[in-house]
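K.L.:
My questions will all concern the structure given below.
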Amino acid sequence: MERAKFLLSLLLILVMVVSMVLYGCGSGKEDVAAPDTSDEKPAADDSDKSSETDESESVDPGAGVYSQIDLSQPYTVNMYVLGDVPPDMDLVVEEINKILEPRYNTKLDVHFLAWSDYGTKYSLILAGGEDVDIMYTSSWCFYYTEAAKGAFMEITDEFLERAMPQTKATQAPESWDQVRIEGKIYAVPRNYEVAEAEIVAIRDDLREKHGLEPLTDWDSLVEYLEVIAERETPESGIWAIAASGGNSMRTIWDQKHQIIRLIKGSTIPHYTYVYDNGKRPTNDDFFLYWDSQYFRDFAKIAKELCDKGCWPEDALTSTVSEHDAFANGQGAYMAWNTTVFKHGKRAEENIEGAKVGYYDLTKDAVVFPMPYVNDCFAIAAASKNPDRAGMVLDLLKNDRELYLLIQGGIEGKHYINIDNEYRRLGPEAERYPWNSFAWGLNNNELDLILEDTDPRQIELEEIFKQRMVPYPTSGFVFDAEPVKNELAAVDAIRDEYRGMLELGLVDDPDATIDEMVSRMMQAGLETIKAEGLRQYEDWLKNNPE
């Protein structure tokens with residue numbers, strides 16, 4: 001009897017304690033998720049916690065570095081990227097949301113703009129009332145035009161402190177300069193530095209077949225292409241270059257002469273200069289690229305190669321890229337950055353007896369880093385919750401678990417992680433290719449190196465790194481708004497002529513260039529130059545060496 005009374009009393013005490021705890025904790029969402037700056041609470045973005053800690057994270061997602069953000073209501077961040085949808089995209093997003101939702105009361109939805117129609121849909125999505133929070137952008141993908149239209153939110157220092165504190169702490173300082181427009185920032189660039197050097201890939205088996213020595217310079221490349229056109233194309237139908245719309249040889253030519261590439265926004269449009277031991281160019285150093293002796297000489301070389309049958313007559317309108325054509329055995333040459341190794345491997349897998357050689361034909365030239373502005377993510381001005389969008393972008397860029405998910409998919413399925421340094425393809429790698437769309441998130445510190453990376457690629461990357469120097473005008477960003485009408489007209493004229501000149505599809509290169517330049521002048525080229533030099537002089541004054 002006494003034991004029964006004791007047990008009954010103990011049960012009543014337990015009931016009272018549980019009731020008090022439940023009453024004290026409350027049940028409303030407002031109480032659970034209210035931002036809390038207490039230093040005693042665990043950081044919300046720490047992924048190495050026990051199951052007990054995970055439960056506390058779901059109770060108070062406002063704790064930690066994002067405590068200034070209101071996470072009381074659930075929100076889905078809509079992110080737009082370019083490319084083709086990976087087959088397992090939904091599975092990967094589901095895994096990402098298993099992390100985001102309990103910790104931050106947030107979900108991610110990723111939308112794709114196909115390569116075939118992003119040019120027409122991009123602006124419409126930003127202006128058409130779509131639910132868009134994060135948008136991929138770039139120097140070549142509407143950054144300057146959309147920022148000028150007010151489509152992107154300004155990224156202020158206060159915003160970074162509040163919504164993107166990890167990015168504020170880790171982002172390369174020089175990367176911000178490349179996305180400034182009139183002193184303001186409208187996109188967050190990738191945090192990844194890589195050399196922008198052109199590499200030539202050729203069919204070494206065909207080179208050996210025709211008794212040619214390994215390539216060493218520009219002249220040996222031209223000789224190789226001419227021999228393929230003369231001896232190989234009539235026999236096998238393989239073109240020296242299965243060109244498509246333009247001629248990648250021009251990038252090799254410009255690299256050989258150390259001409260600063262015409263990167264939209266960071267040089268004066270259509271005007272460039274030659275690298276001179278790191279010196280900043282003066283106004284007199286800028287020249288119209290399309291009217292330069294460099295371009296005229298290249299156009300004449302292209303004319304000679306075209307007449308010798310180095311590429312098909314329909315190269316200007318071909319829809320098969322030079323890279324795919326090389327991998328499929330239609331072409332014997334391609335040039336690009338280290339991506340050539342991927343396509344070279346495809347060629348060796350697809351073509352019996354194929355052997356691909358890779359060449360740096362400009363060994364005496366310096367190498368420049370690929371501009372950070374080439375890959376960015378912007379927060380749409382129309383975002384319904386820019387703070388939440390910034391937080392998700394911050395996490396995807398800096399949280400290792402989330403970064404590896406969005407870049408590589410599900411570990412063990414799409415890739416195999418080897419000691420957090422290397423990776424190998426997983427059993428279903430083709431269903432979520434590594435780094436196929438999230439380039440604006442690229443981070444040197446978090447990336448995994450492919451285990452079977454061609455040793456020649458590693459060697460070349462190390463060589464390029466040793467030769468890499470900053471652009472003398474790094475940080476100068478041309479604002480096109482004052483001359484947008486003139487620039488649109490001049491760009492259209494350039495696009496009308498450039499392909500045919502690069503491919504030698506004209507009877508008289510000099511006369512055709514004269515005609516193009518004359519039309520550019522009439523369309524306002526001098527106005528563009530004057531505005532560009534004015535902006536450059538202002539930049540020099542505000543950024544002394």
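The values are calculated or read from the model by the stated rules, or taken from the named source; none is laboratory data. Treat the numbers as computed from the prediction; the structure is a model and nothing was measured. Ideal geometry is used to build each Cβ from the backbone, glycine not excepted, and the neighbour counts take in all protein chains shown. Just the protein is used for accessible areas: all its heavy atoms, side chains included, with ligands, DNA and RNA removed. Shrake-Rupley method; radii C 1.70, N 1.55, O 1.52, S 1.80 Å.
K.L.:
If M370 satisfies all but one of (1) surrounded by fewer than 16 Cβ atoms within 10 Å (Cβ to Cβ); (2) at pLDDT below 95; (3) within 30 Å of N444 (Cβ to Cβ); (4) of a type outside the set (V, I, T), what's the number of the condition it fails?
P.N.:
(1)
K.L.:
Hey, which of the helices (runs of 4 or more DSSP H) in region 375-493, taking only ones fully inside, have at least 3 residues that are under 22 Å from N337 (Cβ atoms), in contact (Cβ under 8 Å) with a residue 40 or more places away in the chain and touching a strand residue (DSSP E or B) at 6+ places or on another chain (Cβ under 7 Å)?
P.N.:
Of the helices (runs of 4 or more DSSP H) lying wholly inside region 375-493, those with at least 3 residues that are under 22 Å from N337 (Cβ atoms), in contact (Cβ under 8 Å) with a residue 40 or more places away in the chain and touching a strand residue (DSSP E or B) at 6+ places or on another chain (Cβ under 7 Å) span 455-467.
K.L.:
(1) open to solvent by 10 Å² or more (accessible area, probe 1.4 Å); (2) under 18 Å from P371 (Cβ atoms): which one isn't true of C141, the others all being true?
P.N.:
Just one mismatch for C141, condition (1).
K.L.:
To continue, here is another question. Among residues belonging to region 262-271 that are touching a Ser or Thr at 6+ places or on another chain (Cβ under 8 Å) and not basic (K, R), point out the one that is most open to solvent (accessible area, probe 1.4 Å). Break it down into steps so the answer makes sense when it comes.
P.N.:
Of the residues in region 262-271, the ones touching a Ser or Thr at 6+ places or on another chain (Cβ under 8 Å) are 262-267.
Next, only the ones that are not basic (K, R) stay: 262-263, 265-267.
Values: L262: 67, I263: 20, G265: 6, S266: 27, T267: 6 Å².
Taking the candidates together, the pick is L262.
K.L.:
(1) on the phi < 0 side of the Ramachandran plot; (2) open to solvent by 40 Å² or more (accessible area, probe 1.4 Å); (3) in contact with a helix residue (DSSP H, G or I) (Cβ under 9 Å, 6 or more places away or on another chain): which one isn't true of N435, the others all being true?
P.N.:
Answer for N435: the failing condition is (1).
K.L.:
I've got another one for you. Of everything in region 209-228, what is open to solvent by 40 Å² or more (accessible area, probe 1.4 Å), in a loop (DSSP other than H, G, I, E, B) and within 28 Å of A365 (Cβ to Cβ)? Give them in sequence order.
P.N.:
Scanning region 209-228 gives E213, P214, T216, D217.
K.L.:
Okay, moving on. Only one of L113, L100, L124 is farther than 20 Å from N374 by Cβ and either in contact (Cβ under 8 Å) with a residue 24 or more places away in the chain or touching a Pro at 6+ places or on another chain (Cβ under 9 Å) (or both). Can you tell me which?
P.N.:
L100
K.L.:
Continuing with this model, one more query. With the structure loaded, tell me whether K342 is open to solvent by 40 Å² or more (accessible area, probe 1.4 Å), of a type outside the set (S, T, N, Q), at pLDDT below 95 and not in a strand (DSSP E or B) or whether it fails that test.
P.N.:
yes
K.L.:
Within region 158-206, take every residue that is closer than 22 Å to I351 by Cα and touching a Leu at 6+ places or on another chain (Cβ under 8 Å) and give me the one that is surrounded by the most Cβ atoms within 10 Å (Cβ to Cβ).
P.N.:
Residues of region 158-206 closer than 22 Å to I351 by Cα: 199-206.
Narrowing the set further to residues that are touching a Leu at 6+ places or on another chain (Cβ under 8 Å) leaves 199-200, 202.
Numbers: I199: 24, V200: 22, I202: 28.
Residue satisfying both the conditions and the ranking: I202.
K.L.:
Sticking with this one: Residues to consider are E531, E537, E430, E526; find the one that is among the charged types (D, E, K, R) and within 23 Å of the chain's Cα centre (by Cα).
P.N.:
Numbers: E531 fails: within 23 Å of the chain's Cα centre (by Cα); E537 fails: within 23 Å of the chain's Cα centre (by Cα); E526 fails: within 23 Å of the chain's Cα centre (by Cα).
Matching residue, one of E531, E537, E430, E526: E430.
K.L.:
Restricting to region 378-399, name every residue that is in contact with a Ser or Thr (Cβ under 7 Å, 6 or more places away or on another chain) and farther than 17 Å from R162 by Cβ.
P.N.:
A378, D399
K.L.:
Could you tell me which of the residues V85, V81, V65 is surrounded by 13 or more Cβ atoms within 10 Å (Cβ to Cβ), in a strand (DSSP E or B) and either within 33 Å of the chain's Cα centre (by Cα) or at pLDDT 95 or above (or both)? So that I can check it myself, show each step before the final result.
P.N.:
Values: V85 fails: in a strand (DSSP E or B); V65 fails: in a strand (DSSP E or B).
Unique residue meeting the criteria: V81.
K.L.:
Continuing with the same structure: Out of the residues in region 312-324 that are under 23 Å from the mean Cα position of the chain (by Cα) and either open to solvent by less than 40 Å² (accessible area, probe 1.4 Å) or not acidic (D, E) (or both), which is farthest from V506 (Cα to Cα)? Don't jump to the end; show me each part of the working.
P.N.:
Here is the first cut: in region 312-324, the ones under 23 Å from the mean Cα position of the chain (by Cα) are 319-324.
Filter once more, keeping what is either open to solvent by less than 40 Å² (accessible area, probe 1.4 Å) or not acidic (D, E) (or both): 319-323.
On the way: T319: 21, V320: 22, S321: 22, E322: 21, H323: 25 Å.
Among them, the one singled out is H323.
K.L.:
Still on this structure, please answer the following. Across region 465-499, what is the number of residues that are in contact with a Leu (Cβ under 7 Å, 6 or more places away or on another chain) and at pLDDT below 95? Full working, then the answer.
P.N.:
So the first thing to find is which residues in region 465-499 are in contact with a Leu (Cβ under 7 Å, 6 or more places away or on another chain), and the list is 480, 490, 499.
Within this subset, residues satisfying the condition of being at pLDDT below 95 are 480.
Here the count works out to 1.
For (1) buried (at least 22 other Cβ atoms within 10 Å of the Cβ); (2) among the hydrophobic types (A, V, I, L, M, F, W, C), each residue gets a yes or a no:
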| residue | (1), (2) |
| --- | --- |
| E230 | no, no |
| W239 | yes, yes |
| S244 | yes, no |
| N247 | yes, no |
| T251 | no, no |
| D254 | yes, no |
| H257 | no, no |
| I260 | no, yes |
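K.L.:
Let me confirm something: among E451, E515, E462, E502, which residue is at pLDDT 95 or above and either within 30 Å of L425 (Cα to Cα) or touching a helix residue (DSSP H, G or I) at 6+ places or on another chain (Cβ under 7 Å) (or both)?
P.N.:
Details: E451 fails: at pLDDT 95 or above; E515 fails: either within 30 Å of L425 (Cα to Cα) or touching a helix residue (DSSP H, G or I) at 6+ places or on another chain (Cβ under 7 Å) (or both); E462 fails: at pLDDT 95 or above.
Going through E451, E515, E462, E502 in turn, the sole match is E502.
K.L.:
Hey, can you tell me all the residues within region 493-545 that are more than 26 Å from T473 (Cβ to Cβ), open to solvent by less than 70 Å² (accessible area, probe 1.4 Å) and out of contact with any Ser or Thr (no Cβ under 8 Å at 6 or more places or on another chain)?
P.N.:
Listed by number, the residues that qualify are G499, L503, G504, L505, P509, D510, A511, T512, S518.
K.L.:
Check S383 against each of (1) among the polar types (S, T, N, Q); (2) in contact with an Asp or Glu (Cβ under 6 Å, 6 or more places away or on another chain); (3) under 17 Å from T453 (Cα atoms) and name the one condition it does not meet.
P.N.:
If we test S383 against (1) among the polar types (S, T, N, Q); (2) in contact with an Asp or Glu (Cβ under 6 Å, 6 or more places away or on another chain); (3) under 17 Å from T453 (Cα atoms), just (3) comes out false.
K.L.:
Now for a different question. Working only within region 373-411, note down all residues that are small (G, A, S) and closer than 15 Å to F159 by Cα.
P.N.:
Of all residues in region 373-411, those small (G, A, S) come to 378, 380-383, 389-390, 408-409.
Result: A378, A380, A381, S383, A389, G390.
K.L.:
For the subset of region 94-118 comprising residues that are surrounded by 13 or more Cβ atoms within 10 Å (Cβ to Cβ) and among the hydroxyl-bearing types (S, T, Y), which member is modelled with the lowest pLDDT?
P.N.:
Selected residue: Y118.
K.L.:
Whether any residue in region 282-291 is over 30 Å from S116 (Cβ atoms) and part of a loop (DSSP other than H, G, I, E, B) is what I want to check. Reasoning before the result, please.
P.N.:
In the first step, residues of region 282-291 are kept if they are over 30 Å from S116 (Cβ atoms); the result is 282-288, 291.
Checking which are part of a loop (DSSP other than H, G, I, E, B) leaves us with 282, 286.
Among the residues of region 282-291, at least one is over 30 Å from S116 (Cβ atoms) and part of a loop (DSSP other than H, G, I, E, B), which makes the answer yes.
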